[in-house]
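Visitor: Got a structure for you, questions after.
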Amino acid sequence: REQLLAVAARLKLANNDRDEIVSLSAAIPTVLAATESTWPRAQRALVSNDTKALIQVSEAIRHGSDASPAGLDYCRQMIAQPRQQWDPSPLLDGSQLMDLGVSPGPAMGKLLFDLRDAQLSGEVETSAQARQWILARVGSG
């Protein structure tokens, strides 16, 4: 990261260009190893960056290394679907969790993060299931 920041400074890149390069470089390993991890982790990398740029840069890096094409191929396969399928709207938000008795704060953030993982992995598919999923964790915590 520090090396990228130094190069960006030498090249006098705009802050948004510098930030994009740093973000892409951090996401490339996740894309290349997507089949060795979970879909939610790869999905987060894809949606938090310019998806097309991330795939292109990952492809260039993969060609210059001995990395397997499996992770990149998997990500390409997933994003070939309509975006709503691989990046669906979250089933619940913070205000809905507060309605279920969850207090705002880091614990709520963790619940929302874990719920999103459950949604993306297919464990939870509806808002009713999401409420049940949250209540099961709040009741056991």
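The values are calculated or read from the model by the stated rules, or taken from the named source; none is laboratory data. Predicted model only: the values in this text are computed from it and were never measured. So basically every Cβ, Gly included, is an ideal-geometry build from the backbone, and we count neighbours across all protein chains shown. Accessible surface areas use protein heavy atoms only, side chains included; no ligands, DNA or RNA. Shrake-Rupley method; radii C 1.70, N 1.55, O 1.52, S 1.80 Å.
Visitor: ASN16 is checked against (1) surrounded by fewer than 16 Cβ atoms within 10 Å (Cβ to Cβ); (2) more than 28 Å from PHE113 (Cα to Cα) and fails just one. What number does that condition carry?
Guide: (2)
Visitor: Yes or no: region 87-96 includes at least one residue that is part of a helix (DSSP H, G or I) and of a type in the set (A, V, I, L, M, F, W, C). Outline the logic, then answer.
Guide: Filtering region 87-96 down to residues part of a helix (DSSP H, G or I) leaves 94-96.
Add one more test, that the residue is of a type in the set (A, V, I, L, M, F, W, C), and what stays is none.
No, because not a single residue in region 87-96 is part of a helix (DSSP H, G or I) and of a type in the set (A, V, I, L, M, F, W, C).
Visitor: Right, next: Select from region 19-43 the residues that are under 19 Å from ALA67 (Cα atoms) and either open to solvent by 60 Å² or more (accessible area, probe 1.4 Å) or not in a helix (DSSP H, G or I) (or both) and list them in ascending order.
Guide: Residues of region 19-43 that are under 19 Å from ALA67 (Cα atoms), as a first pass: 24-39, 41-42.
ALA26, PRO29, ALA33, THR35, GLU36, SER37, THR38, ARG41 - these are the residues of region 19-43 that are under 19 Å from ALA67 (Cα atoms) and either open to solvent by 60 Å² or more (accessible area, probe 1.4 Å) or not in a helix (DSSP H, G or I) (or both).
Visitor: Can you name the number of the only condition in (1) under 23 Å from SER48 (Cβ atoms); (2) in a loop (DSSP other than H, G, I, E, B); (3) open to solvent by 20 Å² or more (accessible area, probe 1.4 Å); (4) touching a helix residue (DSSP H, G or I) at 6+ places or on another chain (Cβ under 7 Å) that GLU123 fails?
Guide: (4)
Visitor: Here is a follow-up. Which one is farthest from GLU36 (Cα to Cα), of the residues in region 62-104 that are under 21 Å from the mean Cα position of the chain (by Cα), small (Gly, Ala, Ser) and exposed (fewer than 12 other Cβ atoms within 10 Å of the Cβ)?
Guide: The residue in question is SER89.
Visitor: When the residues of region 44-61 are filtered to those that are of a type in the set (S, T, N, Q) and open to solvent by less than 60 Å² (accessible area, probe 1.4 Å), which remaining residue is modelled with the lowest pLDDT? Before you say what the answer is, go through the steps one by one.
Guide: First pass over region 44-61, keeping only residues of a type in the set (S, T, N, Q): 48-49, 51, 56, 58.
Of the ones still in play, those that are also open to solvent by less than 60 Å² (accessible area, probe 1.4 Å) are 49, 51, 58.
Working: ASN49: 83, THR51: 95, SER58: 95.
Out of the qualifying residues, it is ASN49.
Visitor: Working only within region 23-41, note down all residues that are without any contact (Cβ under 8 Å) to a residue 40 or more places away in the chain, over 25 Å from GLN3 (Cβ atoms) and not hydroxyl-bearing (Ser, Thr, Tyr).
Guide: GLU36
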